[in-house]
Structure formats: structure tokens, C-alpha cells
Amino acid sequence: MPITTQKVPLSVAGAVVAVTLLGCSGGGDPAPLSSANGGGGGADSGLTCLAAAQPFGIDPDAGHFVPDIEVTACDGTRRTLDSIRCPAPLTLFSVGAGWCQPCQEEAPMLEAAAAELADEGVVIVQILFEDADADPATSVFCQQWTDQFELTIPVFVDPLGRTTELFDQATTPLNVAVDRDGRVVWSAVGLVPDLVEQLRALVP
């Protein structure tokens, strides 16, 4: 079933919006995670990484970390961002919505970038918070999206919209790259034409 779009003004596209996620607990020394126990799979299974810790946000210059938000796969499996990013040296989370035209344009770009960077320790994940009708995204919509764009990259939905607390929805998509411990190393809003080059430069 084709996905229709609604036009949303990208009022600050290309600018990085850094905000702190409110209402999330953290602080203290982050607890270690093992990618062999609930990890996201990938090249480095069995490595230990840190749990999400404050300050939360998307600004690498502010020392922000991405919070451990729970998302749902197309098959209904629930995962956390911590478990997804733990096995990989670098993970890109691309947050978008079904009504977002740039997000539709970006989907095949993400697929191509993932294929090109597959042997360089980079994992690319797309997260959708709303469907084409601006309703909370479901696993059914997740599968429709994956099928329409013939994606093999991991796609998840965020029906509670917790990812939208990180940025202005008018700037969708949000791309945020994190290291194994969830530390933000780069972020941008809107389409990123040189995405492969940007990510390759960040690989540790």
C-alpha cells in the first residue's frame, strides 16, 4: 500500500537543535551493558558498553547522550536504544515519520549508506514515530514502510513519540550518530547528501 505524504515546513532544516530530554532518570555512574545479553547483534558481540546517562540530548559539543528509549521492530519485538547501539562502534539513529517527504527520500539513502559502510563498523537504524496520517506508528506501518522502500536496515517504530522530545518535529528527519556508549558524536536535521562521508569520518 503506497504511503502518502503531508507537507511540513522544514523551518530550521540543516540546523542542529540541542535540547535536554526532561523527565528521564540518570545521573551517577552508568551501569555497564553486555552486547551478549540483550545487545543489538552486529560485528562486536560480547563487548561491554555503558548504559545511557545524563545529560540527554543531541548536541555533541555539550557532551550529550541519547536516552535509552524503547522502540518496537516491525515484527513487534521491543528493543531499547542501548541494546541496539551497544554492539557497534558507531550507530546512526535516523528519526522520522511517514508523512515526512524528506524521510521518504532519505530511506533509500540510508540503505545505500549502510551497504557501503557495512564493513567499517557502522550500523544505521531508522525510527518512525508517526505514520502517513500523523497517527502513532505501528508495527504494521513499519512493515509497510520497509516493504515500500525495500529496506534491509533495521527499522523500528516509536508509538509513544519519546524520540520527538529530542528535537523539533518540523525539522524531521533527525540524524544522530552515537558511539558504543551512547555518546552523541554528530547530529544533523534534514537530508544529509554527504552522509557516507560524514559517518566514515566518525568511525573510531
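When you filter the GluC sites (Glu not before Pro) in segment 134-204 for DSSP loop state and at most 15 other Cβ atoms inside 10 Å of their Cβ, you are left with GLU150. Going from the residue with the fewest nearby Cβ atoms within 10 Å to the one with the most, ASP133, ASP158, ASP82 rank ASP133, ASP158, ASP82.
Take every Cα pair under 8 Å whose residues are at least 6 apart in sequence, average their separation, divide by the length of segment 33-200, and the relative contact order is 28 percent. Ranked by how many other Cβ atoms sit within 10 Å of their own Cβ, fewest first, the residues ASP194, ASP179, ASP131 fall in the order ASP194, ASP179, ASP131.
For THR164, the shell of other residues with beta-carbons less than 12 Å away shows a net charge of -3, using +1 for Lys and Arg and -1 for Asp and Glu. Approximating the spin labels as points 7 Å out from Cα along Cα→Cβ, the ALA115-to-THR138 distance works out to 3.2 nm.
Values in this text are rule-based calculations from the coordinates and carry no lab data. Quantities reported herein were computed from a predicted structural model and do not represent experimental measurements. With ideal geometry, Cβ positions are generated from the backbone for all residues, glycine too; neighbour counts draw on all protein chains shown.
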